[in-house]
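The structure appears below as structure tokens.
Only the coordinates and a few stated rules stand behind these numbers; no lab work does. Note that the structure is predicted; figures quoted are calculated from it, not measured. Using ideal geometry, Cβ is built from the backbone for each residue, glycine included, and neighbour counts are taken over all protein chains shown.
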Amino acid sequence: MKQSIRASVRTRANDCCEYCQAQASFSHDSFSVEHIIPSSLNGNDDLSNLVWSCLSYNNIKYTSTTAIDAETGQVVPLFHPRLDAWADHFEWSEDSTLLTGKTPVGRATISRLQLNRFGVVNYRRVLVLAGEHPPR
Ligand SMILES: [Zn+2]
């Protein structure tokens, strides 16, 4: 992938993961440009199909673009960073360490992409203490 495309995706996202809002400047992992619709499902390299991501969520979600919302049992599309507004689907818990789904899409995405996995929640806890989370 061209450096200029990577830079565009990164800048557009304010250097935060477009799924879990992790900030690249405080991460020990390098962020990457991921496909929203995977290449294996004919997802293209257009900016509209690219997302700035704290890890390779494609390794977690494989080729899925939908997931089940446990609360309603509905099969819903995963959060789409280009089409959906983050704040419509997600909010932080009172102590800002857990992501909460406001919608079936939000809940299913948190579950499918493991946005509240152990290491991430622990890291948020430290950043909250440092006054650096949630991102402004
Ligand atoms: Zn993330």
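Observations
- Residue in the range 76-90 that is more than 13 Å from the ligand (Cβ to nearest atom) and more than 29 Å from Ser48 (Cβ to Cβ) present: no
- Candidates Val9, Val76, filtered to the one that is part of a strand (DSSP E or B) and either without any contact (Cβ under 8 Å) to a residue 60 or more places away in the chain or surrounded by fewer than 18 Cβ atoms within 10 Å (Cβ to Cβ) (or both): Val76
- Those residues of the range 82-107 which are in a helix (DSSP H, G or I) and either in contact with a helix residue (DSSP H, G or I) (Cβ under 7 Å, 6 or more places away or on another chain) or not charged (D, E, K, R) (or both), in sequence order: Trp86, Ala87, His89, Pro104, Val105, Gly106
- Identity of the residue in the range 113-136, in a helix (DSSP H, G or I) and of a type in the set (A, V, I, L, M), that ends up farthest from Ile60 (Cα to Cα): Leu129
- His35 vs. criteria under 30 Å from Leu129 (Cβ atoms), more than 11 Å from the ligand (Cβ to nearest atom) and under 13 Å from the mean Cα position of the chain (by Cα): no
- Boolean, Asn59 is within 16 Å of the ligand (Cβ to nearest atom) and either surrounded by fewer than 13 Cβ atoms within 10 Å (Cβ to Cβ) or among the polar types (S, T, N, Q) (or both): yes
- Residues in the range 96-115 that are surrounded by fewer than 22 Cβ atoms within 10 Å (Cβ to Cβ), of a type in the set (Ser, Thr, Tyr) and touching a residue at least 40 places away in the same chain (Cβ under 8 Å): Ser111 only.
- Test: residue in the range 115-136 that is acidic (Asp, Glu) and more than 21 Å from Asp29 (Cα to Cα): no
- Note on the range 41-56: residues that are in a loop (DSSP other than H, G, I, E, B) and either under 14 Å from Ala13 (Cβ atoms) or within 16 Å of the ligand (Cβ to nearest atom) (or both) total 3.
- Within the set Ile37, Ile110, the sole residue that is hydrophobic (A, V, I, L, M, F, W, C), on the phi < 0 side of the Ramachandran plot and part of a helix (DSSP H, G or I) turns out to be Ile110.
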